[in-house]
């Protein structure tokens, strides 16, 4: 996908501006049109806010049209060809295209209940979610009233739009739409960073199933060369880091018992803010450890 | 099962002494006979050592007879009626009566290899082991020479004997044959013991499968009323404590994000000394924790 | 000093009862007299509460007399012979007989201010305090009104009385008037209790001066044989434990740099509840440590 | 002081080169002369190594002359006018110009003993030391033999030279002659960096006296804006960080007792490598904390 800089967007021909931004909101070309005249924008955040202001100032009828213009969640029954390409990619990220029969019928029930209560599709920014957190959101939001849900739907549309905008743009200015998950292993036995420690990151479903989503190994400073998750929202949900500490301490330490007291150290935590910076260090000896949300 | 005190054993009729101790070693009534005359014993440990001395002083032939008098590990193919009652109970404790087909054929191969190398059955004190640690022992010990394995076999027979002896005896004097696993949850957020925390203890197999073996809840002092494991050797293997910390902090704390950063806290560790005292505390806030082998 | 059991007190001649309890409150023999008829008492706490009820039910005049019957704080200017023996001992415990000139004139000023505002001496249970915390209390209480201070004065008299009662009694039943300070050193480098660690306990004045008040050395279980403070209220104030960790790790560890990163580890904390149980453990490696209020 | 880049030094007129480098070693212009012809140097470290090679290849006589060309330690009795300007600045950094009478006579005794044993002045790179660590070095090195001390003296001259060289140079290439001391305060009670925490850094003498050498306050990320010590070797010795944690938790936390359990948190540690990077974080709640040598 071609990217464009804010400066180019500010100075380019209006037709190019519209071509670039017409898909920020699903079927929302009119929003880009009303935004074009407000150029230049000092920051990406100002551009995004300006588009959102067009929507918020657009009256209930237009807002309703925007909301109903969105597809239902891309669960099995929905034929993919009715989705825009962006929607297809986004909805597969949370695993909505890989539902079990039971999950599918649960989604189906919730979708129908939501549609019959509110008359509009359930909109959620799926890239910020896991399958489990979408189901939880679904059930929570079903209990809201009409006004709250119109507000929620627009907020989710804005989140989807900002993520699409972020991917279109290049340059130093960044929208605050991506989170970050990193770690750091300190060997408080030797008083130095623990290098060469294999680490796996798992996503844990509500049913307890673990699926590996990243593997790395600490460098000489005890960190991974790159964050475990970056340049994307961290889907709301439960995660587990597994540090292969036994392997690290097996070399170079005084004799340890067999099997060693600590081998794989699991650290389980949940992400509540997909845009948050989560630093989860481990301070370890062969006999104990400390972990915490750091910064 | 009736129990007897050391004092009674020291002063009772020799026939009773023999009846009580003839099954300490499999088919080893002669050992009890040669021990009877050495009464009285000041401690249980002295009694056990005396019986072991009879074996060690008995010459190679008798030691060999003692070793071959033991049954093979009670895997499926062995017909239970050939085992003494004690052997049946002991061998079921490690799950040897519940082997998968694959495990069974692995045991079978190892058993045959051991028998054909050493000409005697593989003897191990199964109550100190899990299925996985027996397999590991098997493979490790297969690499030994004859003398080392005769030594190992006798040591295992002595361990089996001491455990049987411990169960026969009542009174304050104890053999050092049981381990202990306990925990303690400190709320370093509130500066007090964390009461009412649900805790589960799992055994983790080498393949990663988790099986719950104990459940408890901390009392007002942050401890379980009884140790999680006590009055038995702790089988060598991997374990995981799971502390339901999210539930504890959900009540009475300042508002936490949803889902909370920490919910279930898993602490995975291995037991290398079945007779050891393992204290595994947790010092926790909603945002981090420390765990270690304590005392 | 002779002690007496609750049972004896319940059944002895009334004259003995009066002789024993007449000095529980300064110049308050009448309180013991009115309590005698209520015997027997099921617990010490019931006896203390009964005497306190006599005071609280005694009317303002008698309460005032009780309060003014107390001496001023035993600062230098007060001639000791006007104090009962109990008062002399208590008041020396907080160091009130060793005031600097400046402290003396500060106390003098506060005393005069209190007397001229409330018309009674300032009463405080000095065994629960340090010099600094008495000065802080003095300034805080000077801002109260008459009723609050009558209430405070009686509460302090009751605290003094319960401590005197506790010292008179023997037997298993205890008044909850003593605190406890203990520690525990865990070597999370070696995975075992840290034995033989020299520990000093200091009291830290508001000016920062440190005065050693206890010395001990951890036993094989990493604890001191006896609590650092016990069988007394812990005076409100700031304390510092100093663990000679460098000395401990110097023997038996892999080579550490010279000087070692950690040598004396100071842990500074304050006591706010003189009757509290304060357990302050240290989990340490040569490169870091964790400390907390435990239980 | 004017600085110069490595590139300029590599290409400038030889007279300039000599002028710049003639004072790297005390009275050692000849070393610069023999180095000039080896230009260009790819790195500062290569330049320093080249000058050191001139010394090491220069024969015992020249090495001896270099060593005796150094002044005695700048203790009171030494008249400052006999020192080069560089020497004066360096020697005041460790407080050698502010000795008590007792310290002075101890230095004097050691100086005389060293001179009479080795026939040369005691040379030490004072910027890497505190008064106490110099005295310890003095006593340790007095026990060496002649060859070891010639080696030590040259190594110290090289250290002095590299520090002088580092200060003369500008540009991205750096000699590894400076250490760094930093900290980081994490609030594991609130799950966020602890901002606004006042921190003091003290140097602790062997006699226990504390002298404040830096003050700072954590920023929003829980760090100090600049390291506490940087751009210099960290003098070998004992230090104490004092974190005003009580003040931090007093605002915004649930009610804490008065006085709070933790107020000033002292963390005492020693520096053994003046060129090391020492990161000493604090993970804290109102009831406990963890500290360690981090990275």
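Derivation of every value follows stated rules applied to the coordinates shown; laboratory data play no part. Because the structure is a prediction, the values reported are computed rather than measured. Cβ sites come from the backbone with ideal geometry, for glycine too, and all protein chains shown count toward neighbours.
Odds and ends about this structure:
- For residue A:18, inter-copy separations between label points set 7 Å beyond Cα along the Cβ vector come to 7.8, 10.9, 11.0 nm, shortest first.
- Inter-copy separations for residue C:46, label at 7 Å along Cα-Cβ, nm, ascending: 5.0, 8.1, 9.4
- The long axis of helix C:44-56 is offset from the longest Cα principal axis of chain C by roughly 50 degrees.
- Normalised by residue count, chain C yields a Cα convex hull volume of 149 Å³ per residue.
- Rounded to the nearest 500, the 222 nm mean residue ellipticity of chain B from helices alone is -11500 deg cm²/dmol, with -39,500 (n - 2.57) taken per DSSP H run of at least 4 residues.
- Tensor-based shape of segment B:159-251 (alpha-carbon gyration tensor, a/c under 1.5 rounded, otherwise prolate or oblate): oblate
- In this structure, residue A:105 and residue C:176 have a Cβ-Cβ separation that, at R0 = 56 Å, corresponds to a calculated FRET efficiency of about 0.40.
- Gyration tensor verdict on the protein assembly as shown (Cα atoms; rounded if a/c is under 1.5, prolate if a/b is larger than b/c, oblate otherwise): rounded
- Separation of segment B:253-295 and segment B:184-225, taken as the distance between their Cα centroids, equals 8 angstrom.
- Across segment D:239-281, the mean sequence separation of Cα contacts (distance under 8 Å, 6 or more residues apart), normalised by length, yields a relative contact order of 52 percent.
- Between 0 and 90 degrees, the angle of helix A:101-118 with respect to the longest Cα principal axis of chain A falls at about 40 degrees.
- Averaging 1/r over each pair of different alpha-carbon atoms in segment B:112-171 and inverting the result gives 12.5 Å, the Kirkwood hydrodynamic radius.
- Take every pair of alpha-carbon atoms less than 8 Å apart whose residues are at least six positions apart; their mean separation over the length of chain D yields a relative contact order of 16 percent.
- DSSP beta bridge pairing in the protein assembly as shown, given as percent antiparallel to the nearest 5: 75
- Each residue in C:180, D:125 was given a count of other beta-carbon atoms within 10 angstrom of its own, and listing them fewest first yields C:180, D:125.
- Cα convex hull of segment A:130-289, projected area averaged across orientations, nm²: 11.9
- Folded to 0 to 90 degrees: helix A:146-168 orientation relative to chain A principal axis, Cα: 70
- All-pairs Cα distance distribution in segment C:101-203, expressed in whole percent, bin size 5 Å: 2, 9, 15, 15, 13, 11, 11, 8, 7, 5, 3, 1, 0
- Taking only the Cα atoms of segment B:90-146, the ratio Rg/Rh comes out at 0.95, with Rh defined as the Kirkwood radius.
- Rounded Å value of the spacing that divides the Cα centres of segment D:115-159 and segment C:151-165: 65
- Shortest-first nm distances, residue D:208 label point to equivalent points in other copies (7 Å, Cα→Cβ): 1.5, 5.7, 5.7
- Computed on segment D:112-181, with alpha-carbon pairs under 8 angstrom and 6+ residues apart, the relative contact order is 29 percent.
- Shape category assigned to segment A:202-258 from the gyration tensor of Cα positions, a/c cut at 1.5: oblate
- At q = 0.13, 0.16, 0.27 Å⁻¹ the log10 of I(q)/I(0) for segment C:217-295 amounts to -0.48, -0.69, -1.45, computed by Debye summation with a single uniform scatterer per C-alpha, solvent ignored.
- Within chain C, DSSP assigns beta bridges of which about 75% are antiparallel (rounded to the nearest 5).
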